[in-house]
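Student: Take this structure, written in structure tokens, and hold onto it; I'll ask about it next.
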């Protein structure tokens, strides 16, 4: 690993290392099989129930489940692994995977999956790809989802705007957002904004661009692609040219930005995902529904996110840990997770048979259909999160109006190539 990447990661971990050591509960590995989970209170309770079912079926296994803070799980996990006392099984978000898998401390699962004939064909391919690092599978997802959108039906009805359809486009999004950016009290400031666009990746991909490309087997910046510029310009125009999105932090505004939320009824279209369902299901001030992310010139391409179970390579009971993992991600378990109404089961059959429920007042099947399009991941590389943060730091100048899109992209392009060149130079013996 390049020293400058390694130093950045070490610096980020060092601050929490001592706290992590002090906060870990140490258990004799030969006596107790430990499992760490994190998530919402409802998810944590479900994990407890599923683990309790396993204990009932296997009373000979001493399985201890601990709920840990998601923000600190990687620091705690790596500290425990280095000390030789880590949880046998641990939940990881897919973006945490490269940092842990790159240490060689996770148990490869490919042989176990083949041996036990796990029905991988029933999984959404992107879900298993999310837990594959440099060609090796290290985890099995328990849930996942992609970007969709929510819309305020009351606002659409009040102003006579047609609802989004499956074939709507980014141009349609802009047209509807313009029509639904409303100055209700005629004071010169919008009281309702047309949309909140979420992050920029799905726009770049749907315009046909990408952040990186490969040349001679190595990554280089793709931020000089005109399609990337088109996507970033579209995104920036939502804020500055068309003013259909509430100002971003760092932009001077007379409006109180914190009040402009979908939940408050002041955003007509919110680009988000099904992880917001537990919150939105409590809304009673207006009717809302869900729709697919709009199509761009390159179709509908959206970002995936997931949570999955992994096994520590140092576990003294790999077969038992694998048996527990299979139980935690079984169709029965993911069916129960789906009933919480947040994210999708990773298996197609479970998603299609369980997630769309007739009793819900919104079109829940949208979230299942969203997985039938080009659902994508960022590069599963240790350095990606650091590089992506640096890209966005440069693009922020355009997203906050301090620079033009062309200027910000030129700087981001240079920063990206410099980063990658240094990384590859330090990898060469």
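The values are calculated or read from the model by the stated rules, or taken from the named source; none is laboratory data. In this text the structure is predicted, and so the values were computed from the model without any measurement. Cβ sites come from the backbone with ideal geometry, for glycine too, and all protein chains shown count toward neighbours.
Student: Give me the helices (runs of 4 or more DSSP H) completely within the stretch 123-221, filtered to those with at least 2 residues that are under 20 Å from residue 271 (Cβ atoms), ordered by residue number.
Tutor: 153-158, 170-179, 201-206
Student: If you go through the stretch 242-264 one residue at a time, do you hit one that is within 30 Å of residue 281 (Cα to Cα), modelled with pLDDT of 95 or more and outside any loop (DSSP other than H, G, I, E, B)?
Tutor: No, the stretch 242-264 contains no residue that is within 30 Å of residue 281 (Cα to Cα), modelled with pLDDT of 95 or more and outside any loop (DSSP other than H, G, I, E, B).
Student: While we're on this one: Could you give me the residue pairs with C-beta distances under 8 Å whose first residue belongs to the stretch 175-200 and is free of Cβ contacts under 8 Å to residues at least 40 places away in the same chain, whose second residue is in a strand (DSSP E or B) wherever it lies, and which are 6+ apart or on separate chains?
Tutor: Matching pairs, first to second residue: 179/194; 182/192; 184/192.
Student: Still on this structure, please answer the following. If I filter the stretch 311-321 down to residues being in contact with a helix residue (DSSP H, G or I) (Cβ under 7 Å, 6 or more places away or on another chain) and crowded, with 22+ Cβ neighbours inside 10 Å, which single residue comes out as farthest from residue 91 (Cα to Cα)?
Tutor: Here the answer is 312.
Student: Right, next: Return the pair list, or none, for Cβ contacts closer than 7 Å from residues in the stretch 33-60 that are exposed (fewer than 15 other Cβ atoms within 10 Å of the Cβ) to residues that are part of a loop (DSSP other than H, G, I, E, B), at least 6 apart or on different chains.
Tutor: 42/340
Student: Next question, about the same structure. Conditions: (1) out of contact with any strand residue (DSSP E or B) (no Cβ under 9 Å at 6 or more places or on another chain); (2) over 25 Å from residue 206 (Cβ atoms). Residue 397 meets all but one. Number of the miss?
Tutor: Unmet for residue 397, out of (1) out of contact with any strand residue (DSSP E or B) (no Cβ under 9 Å at 6 or more places or on another chain); (2) over 25 Å from residue 206 (Cβ atoms): (2).
Student: While we're on this one: Can you say whether residue 369 is part of a helix (DSSP H, G or I), under 24 Å from the mean Cα position of the chain (by Cα) and modelled with pLDDT under 95, as far as the supplied structure shows?
Tutor: Yes; evaluated as a whole, the condition is true for this residue.
Student: All but one of (1) part of a loop (DSSP other than H, G, I, E, B); (2) within 26 Å of residue 73 (Cβ to Cβ) hold for residue 336; state the number of the condition that does not hold.
Tutor: Answer for residue 336: the failing condition is (1).
Student: Which one of the conditions (1) at pLDDT below 50; (2) closer than 19 Å to residue 101 by Cβ; (3) surrounded by fewer than 14 Cβ atoms within 10 Å (Cβ to Cβ) does residue 1 fail to meet, given that it meets all the rest?
Tutor: (1)
Student: Looking only at the stretch 345-356, decide whether some residue is within 19 Å of the chain's Cα centre (by Cα), under 20 Å from residue 288 (Cα atoms), in contact (Cβ under 8 Å) with a residue 12 or more places away in the chain and surrounded by fewer than 17 Cβ atoms within 10 Å (Cβ to Cβ).
Tutor: No, there is no match, as no residue in the stretch 345-356 is within 19 Å of the chain's Cα centre (by Cα), under 20 Å from residue 288 (Cα atoms), in contact (Cβ under 8 Å) with a residue 12 or more places away in the chain and surrounded by fewer than 17 Cβ atoms within 10 Å (Cβ to Cβ).
Student: So which residues in the stretch 100-111 are outside any loop (DSSP other than H, G, I, E, B) and surrounded by 18 or more Cβ atoms within 10 Å (Cβ to Cβ), if there are any at all? Spell out the reasoning first.
Tutor: Step one: list which residues in the stretch 100-111 are outside any loop (DSSP other than H, G, I, E, B), which gives 100-101, 106, 110-111.
If the condition is that a residue be outside any loop (DSSP other than H, G, I, E, B) and surrounded by 18 or more Cβ atoms within 10 Å (Cβ to Cβ), then 100, 101, 106 are the ones that fit.
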